[in-house]
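The next block holds one structure in the form of structure tokens; read it before the comments.
The values are calculated or read from the model by the stated rules, or taken from the named source; none is laboratory data. Quick caveat: nothing in here was measured; it's all calculated off a predicted structure. Glycine gets a Cβ as well: all are built from the backbone with ideal geometry, and neighbour counts include every protein chain shown.
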Amino acid sequence: MIRKAVIPAAGLGTRFLPATKSMPKEMLPIIDKPIIQFVVEEAITSGIEDIIIITGRGKRAIEDYFDTSPELETHLLQNEKYELLREVKDLSSLADIHYIRQKEPRGLGDAVLKAEKHVGDEPFAVLLGDDIIKAEIPCIKQLTNLFAKYNRTIIAVEEVSKEKISDYGIIKGKEIGESTYLVEDIIEKPSLEEAPSSMGTVGRYVLTPEIFDCIKETPPGKGDEIQLTDAIRMLIEEAGVYGYAFDGKRYDAGDKAGYVKAIIDFALERADLKDDVRRYLEGLV
């Protein structure tokens, strides 16, 4: 059983500058809910209630968001806004959330390594704050179910368009079951010519604790960053890695177009917004 989840949230959010100069990219709202809340809720609905968020300088807003807010709660109570009060109070009791500071942005591998002492010697989930995945069975739950079968590292993958190949870690794998691959190699951001397939890794992983030693042995790459993909590549030879083409719809909320698509799709699902938004979109076309 996977009991702990790590959510790296220490990146600089350069793709959303200047907005992210003073606001963590993970706090950018999808209508009225920040991106990171979708990620935390996915972990919780997958049965994980011990969550470690890796933060960095300028990320205090994340901690404040999941903390209690006595002044706001009193204001809502006095103004009889009971539904909003319930939502605000629920945020502070979603899960047991811990925060670890990554003092400088040294890549995803380094961010995951910061959780080693808390995670210990047990397998754990990693959910990236850039990705919102809408699925009937939460994506990370799909991976933990598969982990129960293989007891090896499981990474979520999906088909990537030719134009996007160089933005992803691309796997070379042998399909061994429905949507399941035995990963033979993984290459970080290859050119189209170098890519061994069109299956790219996305921001959901179930990792075995051996990953920590692999990260420690991984040399820094471009920008002096330690890539998690490179550590996973090392783990393939040592312990075995599986890829799973998850069932669900993913929004790359770290990309401007993906972020806008997420807002539109979630708005069209809300009873209080869908009619106005649909009429507006129909008027545009």
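Remarks
- Helices (runs of 4 or more DSSP H) (entirely within region 203-284) containing at least 1 residues that are crowded, with 21+ Cβ neighbours inside 10 Å: 210-217, 228-238, 256-267
- Answer from LEU77, LEU85, LEU94 - the residue that is hydrophobic (A, V, I, L, M, F, W, C), buried (at least 17 other Cβ atoms within 10 Å of the Cβ) and either in contact with a helix residue (DSSP H, G or I) (Cβ under 7 Å, 6 or more places away or on another chain) or in contact (Cβ under 8 Å) with a residue 40 or more places away in the chain (or both): LEU85
- Pairs meeting the criteria (first residue in region 175-195 and farther than 15 Å from THR229 by Cβ and at pLDDT 85 or above, second residue loosely packed, with under 11 Cβ neighbours inside 10 Å and of a type in the set (Lys, Arg), beta carbons under 9 Å, at least 6 apart or on different chains) are TYR181/LYS174; LEU182/LYS174; LEU192/LYS162.
- In the condition set (1) closer than 22 Å to ILE140 by Cα; (2) of a type outside the set (Ser, Thr, Tyr); (3) in contact (Cβ under 8 Å) with a residue 12 or more places away in the chain, LYS162 is compliant with all but (1).
- The set of residues from region 1-41 being in contact (Cβ under 8 Å) with a residue 60 or more places away in the chain and closer than 15 Å to PHE66 by Cα comprises ILE7, ALA9, GLU26, LEU28, ILE35, ILE36, PHE38, VAL39.
- Residue within region 4-21 that is more than 24 Å from GLU104 (Cα to Cα) and among the β-branched types (Val, Ile, Thr) present: no
- Summed over region 114-140, the residues that are farther than 14 Å from GLY243 by Cα and in contact with a Gly (Cβ under 7 Å, 6 or more places away or on another chain) give a count of 7.
- Residue within region 205-228 that is in contact with a Phe, Trp or Tyr (Cβ under 8 Å, 6 or more places away or on another chain) and modelled with pLDDT of 95 or more present: yes
- Residue match in region 165-178 (condition: among the hydrophobic types (A, V, I, L, M, F, W, C), closer than 26 Å to GLY107 by Cβ and within 18 Å of the chain's Cα centre (by Cα)): yes
- Pairs with Cβ under 7 Å, 6+ apart, first in region 256-280 and free of Cβ contacts under 8 Å to residues at least 12 places away in the same chain, second in a helix (DSSP H, G or I): LEU268/LYS274; LEU268/VAL277; LEU268/ARG278; LYS274/ALA267
- Matching entry among ILE154, ILE137, ILE133 (being surrounded by 15 or more Cβ atoms within 10 Å (Cβ to Cβ), touching a residue at least 60 places away in the same chain (Cβ under 8 Å), farther than 25 Å from THR218 by Cα and assigned by TED's automatic domain parsing to the domain that holds MET199): ILE133
- Residue list for region 157-202, filter: aromatic (Phe, Trp, Tyr) and part of a strand (DSSP E or B): TYR181
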